[in-house]
Every structure is written in C-alpha cells, then in structure tokens.
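K.L.:
Structure provided below as structure tokens; questions to follow.
The values are calculated or read from the model by the stated rules, or taken from the named source; none is laboratory data. Not measured: the values here are computed from a predicted model. Quick reminder, even Gly has a Cβ in these numbers, built from the backbone with ideal geometry, and neighbours come from all protein chains shown. Remember, those area values only see protein heavy atoms, side chains included, never the ligands or the DNA or RNA. Shrake-Rupley method; radii C 1.70, N 1.55, O 1.52, S 1.80 Å.
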Amino acid sequence: MKHSLLLFLIFLQTAVAQTPKYPQIEVAPLDIPLDLSATFGELRNNHFHSGIDFKTQQKEGLNVFATESGFVSRIKISVFGYGKAIYITHPNGYTSVYGHIQKFAPKIEEYIKKKQYEKKSYEIELFPKASELPITAAELIAFSGNSGSSGGPHLHFEYRDTKTEFTINPFYFGLDKKVADTKAPIVNQLVVYPQNNESSVNQSQLPVEVLLAPQKDGSYIANSVTAKNSIGFGFNAYDIANASFNQNGLYQVQSFLNGEKVFEYTFDQFSFDETRYINAFIDYKRFIEKDNRIQKLFTDNNIKLSLIKHQKNNGLIDVQPNLNYNYRIEISDFHGNKTTIHVPIAYETEALKITKPTEAPKGYLIKSKIDNHLAFEKATVYMPANAFYNDFYLQAEATDSTFQLHNPTVPIHKNITLSFDVSQLKAEKLKGIFIAEKSGKKLNYIASTLKKKQLSAKIRNFGTFQIAQDTIAPQVQLTSLKEGERLVDKKTITVQIKDDLSGITTFNGYLNDQWILFEYDFKTNTLTYEVNPQAILPDKNFLKLVVIDNLGNSTTLETYFLK
C-alpha cells in the first residue's frame, strides 16, 4: 500500500511539473507555415527583442488572426517603433500584441480612421473599452505589413502580462509546437576576461579569444586556458530553426565550474524598464569598436536584470595555484536542443607577455551610485545616480565649435543632461538651434530645449556634440499626379517629403479645405492619401499640404486636380 502511494505521489509530482504554466493557444497569428526571423530576447541595439518575429513570405497583406478571444484594448499608430500595432486583452490575464501591421480588419480600420479624423492626426494612441471592439479567437484582425521601424515585411508578435506589462516568451503559450526546430545552437567565439590587475589569461591582462574545436557530437572543446586570479567568460552564438538559416537568439545559457552551476540566464520574461541593461549584459566596448556582440557570463554589481536566474560570485572564477578546473557552458534553444562548450583551465605560471596600460587615470572621477554634476567653460553635464554601471574617469574636451564628451565605448543607462550656454548668441542665431551629435560630417538631431539662455538635451551615449541651426524648410514634391490632372480612377495621391537636418514632425493635408488622412512611411519619405470618391467635387479639387520639421520650419504645397 505504501509502495503504491509513493508511486502515485511521484506520478502526481511529475504531472504537476509538466503542466504548462501558461495557457496553451490553438490559433496561430498567421495561417501560413510559421517561420521565425527573430526570437524572444534577441540582442538588439540598446534593448532585448520583446517578442518573436514571423516571416511573411517577403510580402505584405497576409491575414493576421487573434490567437484568443478578448477585446481590442489598445491601438497605437506611430511613424516609428511598431508602426501600426494592435493589442488584444484576453480574459485569462494576458495581452497579445501584433506589430508592423499594414492595415486593420474593416471594423477596426473604420474605428481607427474615425478617431484619426476626429483628432486630425495620423499618429494616434487609443484605448477602446471592452465593449467597443470585442474579438473572438481566430478572428481576422489585421493584415501583415512593414510599418514603423521594421527592416522588412514581417509580423512582430508578443504576449504580455496584462497587469504588470512584463513581456513573456510567446513560446510558453504553445507557439513552439508550431515551429519545427531540431537544430542545436552554433557557437562562433569564446572570450576570457581578466578582471583586475592581478588577473591574467594566457599570459595576458587583456581579453583573450580562445579557439574552439567542434566535436562530432556537436559540442566544442576549447584550447586549454591558463589563468590567474579572477576571470570571466563570454561567447558569441546563435540558433537556427529547421525552416530557415536566420541567426536567431538563444533561450537559456548555463555555466558550471567543476560541476557546480555558477551562472544562468533564461529568456522567459522581462520588464521594459530593465531592457537597456543589455549594455551591461554584453561586452559593450567590443560591440562599439568591432560591431561584435559577446554575451558575458558574469555581471557587474550594479545590474538588476531579471533574466539572470543564478550567479555565484557574479559568475566570476577565481583560479588558484595547484588546482585544475573544468568549466562548462551549456547553450540551449527553447526546443531543448543544446550545445556544450568544455573549457579546461589551469593555473598560470608563465610570465606575462601582454599587460594593461598603466597610465594614471585622467579626467573627472564619476561615482556611478550618486548624482554627478560637471561644469565646463561652455557646457554643463548632469548625470543622475545609476546612470552608469561602474565608476570611471570622465574626459571632456571643448573646441570653438564642438564638445567631445568622453568615449562612446562607455554605456549610459539613464539619460544624462548636456547643456550649452548660448547667452552670447544674437537673436537671429537662436532661431532653430538645437544640440546635434556629430557623426563624421553628419549632424544628428537631438530634441533640445532653450530656457534662460541655456540650450539643453537629454543624451544616452557619449560622443561629439555641437550647437547646430536648422532654418531650412522641408522639401515637398507631388509624385503620383500633376497639377490639373483628373482624379477619376485614381486610388491614391502620393507626396515625397524630406528634411535633411532636424526631421519631419507634423504634416497636415486638406482637400477642398477638409482635413484628409495622409499616412507617412519614413523609410521611403512618402505620404499617401487613399482617395475618397465622396470627397471629390465635380469641378476643381484643391489640395493643400503643410509639412513642418522639428524646429518649426514649414513648407506648404498647394495644387488642384480635376474630377
């Protein structure tokens, strides 16, 4: 009897452990074979990828379906970011998100356009009530597209916790079963990092790349590492699925020292507030200098990233005399395919060949955990507490026209404020001024404010900055029709708009003095109006378009068409 009860308890425990934590959906957002172009948590510039991207056969206009019943709780249409996006809240506590949409299903499209015309704005954010746009599972809600900051046609898809708004790996909801993947991750690089002046790796105090030998079973064996004192590891790897060779992100990484786990991170869920910690998660300096992302298997004390599930001694290894170490890295995708790296480590007894530069620190000591405020002859810099991950010495150099603020290889986690004293400038020089970041010969606009002869801007990276002026109005050119042409049988009116300095901020079109909806694609610099036959007059039809840049410079196009 006791034996039977024990078996039953073991079975019950196993069954509970295998019960999905999240509800399992039956409906996929697309009705084509699902093929990934990006996975959850994938490493991007300044953020982790917050969903998964589905390929749409290199075209737009594919049907997009609601994965579950619920209601449309949010609609956001923006020139950048997700472009056209729709959020559906489900009764089970989760919200699904669909981004880069081309257009919405008719009832949703009608709702949105009505609001756009009421607000006279293409960009809009709406929060419908639960009763306004109810949705059933498998209902057509939109058509796939390439809107916003998309790099090509695809569907961006997310699942979020409705209350916390944490974004969750969509594979937890059963979508993993709809994507075939039997291939293990592939490793490109392994790098070892000495952590202090008493540390070394392979006779070097600088980071060392270690060669990897692929094995028949798919694992890798690293060349022997000799080291001393505190070291950390990093690697570069990617995953592929069966249907494509896209280099996608990973799901879980664990490291072990002599069989004991020392570090683990899992791309399961995260808060948008913590996503910029990616710059501490990778070797940021190497990324800026070499465009090479190395994922670190150790952390700094000032990083609070929920993706990291376990770290002993911050993931660092202390290599001591008379001991040998076996270090193992296990890299997995969501489907359980795993790649292992074996690294033999021995204490280093050879003399150093490569040492760190021993120059005395220069500049201003910045304490990362407190506010810092620096004043220069022509500029001031305010840096709030926790704007940086570590203490460092900041260097700055001013010339007659530019202000070099430290080194771009040091990441900034929170906005810092850069201000210039413009009290000596005459009134005509103050018109249209802003702070620009200099990149070669190009000036990149930064949103700036002028108050009490102080020109200020929030910045999130170091570099070279200067005061710039934009007094040139945007360029506007009609492309689909010529003045006086007939509108009959024309489906759209298209206009090219361009601003080479501060960029377009607003645009408003009027047909016969009535506001009309122009959609803006910044990637092609195109405004498009879908012609409404009911808005066309029997004789002349007058079009007016006003385009304004970020500094208030405006251009007005006026023309006419016949019916």
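K.L.:
Based on the Cα gyration tensor of the stretch 84-224, what are the three equivalent ellipsoid semi-axes, each the root of five times an eigenvalue, rounded to whole Å and given largest first?
P.N.:
The three semi-axes for the stretch 84-224 are 47, 20, 16 Å.
K.L.:
Amide H neighbours of residue 319 under 5 Å, at least 5 residues apart or on other chains, H built in the peptide plane: list them.
P.N.:
229, 230, 231
K.L.:
Right, next: For the chain, divide the Cα radius of gyration by the Kirkwood radius and give the resulting Rg/Rh value with two decimals.
P.N.:
Taking Rh as the inverse mean 1/r over Cα pairs, Rg/Rh reads 1.03.
K.L.:
Could I ask something else about it? At a threshold of 8 angstrom on Cα-Cα distance, excluding pairs fewer than six apart, so keeping six or more, what relative contact order does the chain reach in percent?
P.N.:
Rounded, it is 10 percent for the chain.
K.L.:
Residue separation times 0.36 nm, minus the C-alpha to C-alpha distance between residue 466 and residue 525: what's the value?
P.N.:
This chain segment gains 18.6 nm when fully extended.
K.L.:
Give me the one-decimal nm value for the distance between modelled label points at residue 452 and residue 431, 7 Å along each residue's Cα-to-Cβ direction.
P.N.:
Taking the two extended label points, one gets 2.7 nm.
K.L.:
Further question: If I histogram all Cα-Cα distances within the stretch 434-563 using bins 10 Å wide from 0, what percent of pairs lands in each bin?
P.N.:
12, 36, 25, 15, 10, 2
K.L.:
For n ≥ 4 DSSP H runs only, could you compute -39500 (n - 2.57) per run for the chain, divide by its residues and tell me the 222 nm figure to the nearest 500?
P.N.:
-2500 deg cm²/dmol
K.L.:
Further, regarding this structure: Local charge sum around residue 199 (other residues, Cβ-Cβ under 12 Å, Lys/Arg +1, Asp/Glu -1)?
P.N.:
Local charge sum for residue 199: -1.
K.L.:
Another one. Which residues' amide hydrogens lie under 5 Å from the amide hydrogen of residue 394, considering only partners 5 or more residues apart or on another chain, with H built in the peptide plane?
P.N.:
Hits under the 5 Å cutoff: 364, 365, 366.
K.L.:
Sorted by accessible area (1.4 Å probe), largest first, how do 95, 380, 505 line up?
P.N.:
Highest to lowest solvent-accessible surface, that is 505, 380, 95.
K.L.:
A further question on this structure: With a 1.4 Å probe and all protein chains left in place, how much accessible area per residue does the stretch 395-448 have, in Å²?
P.N.:
Ligands and nucleic acids excluded, the result is 56 Å² per residue.
K.L.:
Let me ask something else. 5 Å is the cut-off here: which amide hydrogens, built 1.01 Å from N in the peptide plane, fall below it relative to residue 487, excluding neighbours closer than 5 in sequence?
P.N.:
Correct list: 562, 563.
K.L.:
List the equivalent ellipsoid semi-axes of the stretch 371-464 in whole Å, largest first, each obtained as the square root of 5λ for an eigenvalue λ of the Cα gyration tensor.
P.N.:
23, 15, 12
K.L.:
Express in nm, to one decimal, how much length is gained between residue 189 and residue 245 on full extension, taking 0.36 nm for each residue of separation and deducting their alpha carbon distance.
P.N.:
18.3 nm
K.L.:
Just the ratio, please: alpha-carbon radius of gyration of the stretch 164-317 over 2.2 N^0.38 Å, N its number of residues.
P.N.:
Here the Cα radius of gyration is 1.11 times the empirical estimate.
K.L.:
Mind jotting down the distance between the C-alpha centroids of the stretch 488-551 and the stretch 378-410, whole Å?
P.N.:
42 Å
K.L.:
Ok, one more. Each residue of the stretch 241-253 in turn: what ³J(HN,Hα) in whole Hz from Karplus with 6.51, -1.76, 1.60 and θ = phi - 60°, glycine and Pro shown as x?
P.N.:
In residue order, the calculated couplings are 9, 5, 8, 8, 10, 4, 8, 8, x, 9, 10, 9, 9 Hz.
K.L.:
As an exercise, take the mean of 1/r over every pair of distinct alpha carbons in the stretch 291-420, invert it, and state the Kirkwood radius in angstroms.
P.N.:
For the stretch 291-420, inverting the mean 1/r across all distinct Cα pairs yields 19.1 Å.
K.L.:
Would you kindly derive the ³J(HN,Hα) couplings of the stretch 212-227 from the backbone phi angles with the Karplus curve 6.51 cos²θ - 1.76 cosθ + 1.60 (θ = phi - 60°), listing them in order in whole Hz, with x for Gly and Pro?
P.N.:
10, 10, x, 10, 4, 7, x, 7, 10, 10, 7, 4, 4, 10, 9, 8
K.L.:
Could you give the Stokes-Einstein D for the stretch 351-418 in µm² per second, using the C-alpha Kirkwood radius, 25 °C, 0.890 mPa s?
P.N.:
Approximately 182 µm²/s, per Stokes-Einstein.
K.L.:
When the chain is fully extended, how far beyond the present Cα-Cα distance does residue 534 get from residue 258, taking 0.36 nm per residue of separation?
P.N.:
Net length gain for the segment: 91.8 nm.
K.L.:
Compute the Kirkwood hydrodynamic radius of the stretch 347-503, taking the inverse of the mean of 1/r over all pairs of distinct Cα atoms, and give it in Å to one decimal.
P.N.:
The Cα-based Kirkwood calculation yields 19.2 Å.
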